[in-house]
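The values are calculated or read from the model by the stated rules, or taken from the named source; none is laboratory data. A quick note: this is a predicted structure, and the numbers were derived from the prediction, not measured. Glycine also receives a Cβ, built like all others from the backbone with ideal geometry; neighbour counts cover every protein chain displayed.
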Amino acid sequence: QRARRVASVCTGAFLLAEAGLLDGRRAVTHWARCDEFAARYPNVRVEADPIFIREGALWTSAGVTAGIDLALALVEEDLGRAIALDAARELVVFLKRPGGQAQFSAMLSMQRTDDRFGELHAWIAEHLTADLSVPALAERVSMSERSFVRHYRADTGRTPARAVEQIRVEAAQRLLGETEWPVKRIASRCGFGSEETLRRSFVRVLGVSPQGYRERFVR
């Protein structure tokens, strides 16, 4: 009760929930354990996507690497951005990813043991400005459009259009963090066509604008 803050990393959220500290609050844990967590602790609003969540004095993070993001957020809160930035540079990581950023990449989340679309995903990532419509992608994998959409959705849990959008957003994320290019140039390089299209996709996928995202990264 005297602790100013309580934080957990990865499945450490189970301990906080078992102690009743997360009742009525939002929390995150490793994505692979979210269903189990939700079943065991129905009074906790578990979320699968964020890398860390702050609920007052309680902090929970996703996987182990997300614990670094949480720790840097705590350092920044206590000692300021400059100190947190020094720590991040020492660790050779970004200052901190936004807490709401997805736990794992689009490419990783679409991988399966029988990854028949793996080569297609790699090709998409290398040809972001190409025609990535359903007809073009179906032709590339030698399938009819109807069969492609059905099998793709069954294998990856999303539509081809949504997958393409996520891969493009992920590429834009990297350029926003690693370059000083204007957003318009990044939009063109990643196949969005316009800055506004990139902005809409960013907000839909990440819940933040490209500029807002960039401001959280070391450039």
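Numbers at a glance
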{"read-out": "Candidate set from region 74-102 (those that are out of contact with any helix residue (DSSP H, G or I) (no Cβ under 8 Å at 6 or more places or on another chain) and within 20 Å of residue 63 (Cβ to Cβ)); member that is modelled with the lowest pLDDT", "value": "92"}
{"read-out": "So residue 3, is it hydrophobic (A, V, I, L, M, F, W, C) and within 25 Å of residue 205 (Cβ to Cβ)", "value": "no"}
{"read-out": "Residues of region 176-207 satisfying the condition of being more than 23 Å from residue 82 (Cα to Cα) and among the hydrophobic types (A, V, I, L, M, F, W, C)", "value": "181, 183, 186, 187, 190, 192, 198, 202, 203, 205, 206"}
{"read-out": "Options 171, 130: the member that is modelled with pLDDT of 90 or more and small (Gly, Ala, Ser)", "value": "130"}
{"read-out": "Helices (runs of 4 or more DSSP H) (entirely within region 125-188) containing at least 1 residues that are over 26 Å from residue 208 (Cβ atoms)", "value": "134-140, 145-156"}
{"read-out": "Region 136-156 residues that are closer than 13 Å to residue 116 by Cβ and touching a residue at least 40 places away in the same chain (Cβ under 8 Å), paired with ones that are surrounded by fewer than 17 Cβ atoms within 10 Å (Cβ to Cβ) and among the acidic types (Asp, Glu) (beta carbon under 9 Å, 6 or more apart)", "value": "155/114; 155/115"}
{"read-out": "Set 168, 146: member being within 18 Å of the chain's Cα centre (by Cα) and within 21 Å of residue 120 (Cα to Cα)", "value": "168"}
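For (1) under 22 Å from residue 188 (Cα atoms); (2) surrounded by 13 or more Cβ atoms within 10 Å (Cβ to Cβ); (3) not assigned by the TED database to the domain that holds residue 209, each residue gets a yes or a no:
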{"residue": "118", "(1), (2), (3)": "no, yes, no"}
{"residue": "126", "(1), (2), (3)": "yes, no, no"}
{"residue": "131", "(1), (2), (3)": "yes, no, no"}
{"residue": "142", "(1), (2), (3)": "no, no, no"}
{"residue": "151", "(1), (2), (3)": "no, yes, no"}
{"residue": "154", "(1), (2), (3)": "no, no, no"}
{"residue": "169", "(1), (2), (3)": "yes, yes, no"}
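Yes/no per residue for (1) in a helix (DSSP H, G or I); (2) within 19 Å of the chain's Cα centre (by Cα):
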site: 4; (1), (2): no, no
site: 32; (1), (2): yes, yes
site: 53; (1), (2): no, yes
site: 59; (1), (2): no, yes
site: 71; (1), (2): yes, yes
site: 74; (1), (2): yes, no
